[in-house]
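Worksheet: one structure, shown below.
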Amino acid sequence: MNNIHPRERELQQYALGKSDANPEVIAHIESCPGCQAEVSIYQMLFTEIKEQSPVSFDFDVQELVLSRLPKTNTGLTTDDIIAGFLVIFTCSCIGIPVYIFRKIILNSFIDIPPFFIYSIIIGTTGILITKILSLYKKFLKQMHLLNIN
């Protein structure tokens with residue numbers, strides 16, 4: 001006999017149907033009077049829950065809840081339009097010159113030694129990692145102030 005009693009979840013699973021339970025759990029429950037008592041309580045509880053009639057309200061719960069929620073505007077606001085314009089303008093200011101001067105830009109990197117290119121890439125990566133970590137620390141401070149864990 002197993003001296004370790006099954007967890008509540010396993011007892012409930014056994015009470016709902018023996019076929020779904022683990023064989024070791026079944027063997028323990030059948031030989032332990034304490035677990036059998038708990039299983040019978042769960043079985044009685046589950047049958048009472050099944051016998052209850054569904055709850056019916058004389059009012060529309062969905063309408064009551066939805067009427068208390070704030071209305072959200074799904075249309076475009078002026079801030080959205082300005083932000084979209086700025087994104088398009090910035091992409092155009094960068095993209096058009098890069099497209100026009102793409103051959104000159106590519107040829108300008110041919111004469112640079114690989115050491116300098118790697119130094120630029122490593123330096124930029126280091127700066128980005130530092131900025132991301134500082135932003136994350138700031139986020140954690142703000143969450144701590146809000147007491148959200």
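Relative to the current alpha-carbon distance between residue 44 and residue 103, full extension at 0.36 nm per residue lengthens the span by 13.2 nm. Among 101, 115, 57, the largest mean-square fluctuation in a Gaussian network model of the chain, built with springs joining Cα atoms closer than 10 Å, belongs to 115. In the chain, Cα pairs under 8 Å separated by at least six residues give a relative contact order of 13 percent. One Cα centroid belongs to segment 128-149, the other to segment 62-95; the line between them spans 26 Å.
A full extension of the chain between residue 134 and residue 61 corresponds to an added length of 21.7 nm, given 0.36 nm per residue minus the alpha carbon distance.
The alpha-carbon atoms of segment 77-145, seen along their principal axes, cover 52, 37, 6 angstrom, with the largest extent given first.
Put a plus charge on the Cβ of each Lys and Arg, a minus charge on the Cβ of each Asp and Glu, and nothing anywhere else: the dipole of segment 38-137 about its Cα centre is then about 900 debye. Using only Cα coordinates, the Kirkwood hydrodynamic radius of segment 8-51 works out to 10.4 Å.
Think of it this way: in the chain, 91, 93 stand alone, with no other Cys Cβ under 4.7 Å.
Estimated from helical segments only, the mean residue ellipticity of the chain at 222 nm is -23500 deg cm²/dmol, where each DSSP H run of four or more residues counts as -39500 (n - 2.57).
Each of 83, 94, 26 was placed along the dipole of the chain (beta-carbon charges, centred on the mean Cα), and the one lying farthest toward the positive end is 94.
Inverting the pair-averaged 1/r between distinct Cα atoms of the chain gives 24.8 Å as its Kirkwood hydrodynamic radius.
The slack between residue 115 and residue 141, meaning 0.36 nm per residue of separation minus the straight C-alpha distance, is 5.5 nm.
Values in this text are rule-based calculations from the coordinates and carry no lab data. Bear in mind the structure is a predicted one, so any value in this text is a computation, not a measurement. Backbone-built Cβ (ideal geometry, glycine too); neighbour counts: all protein chains shown.
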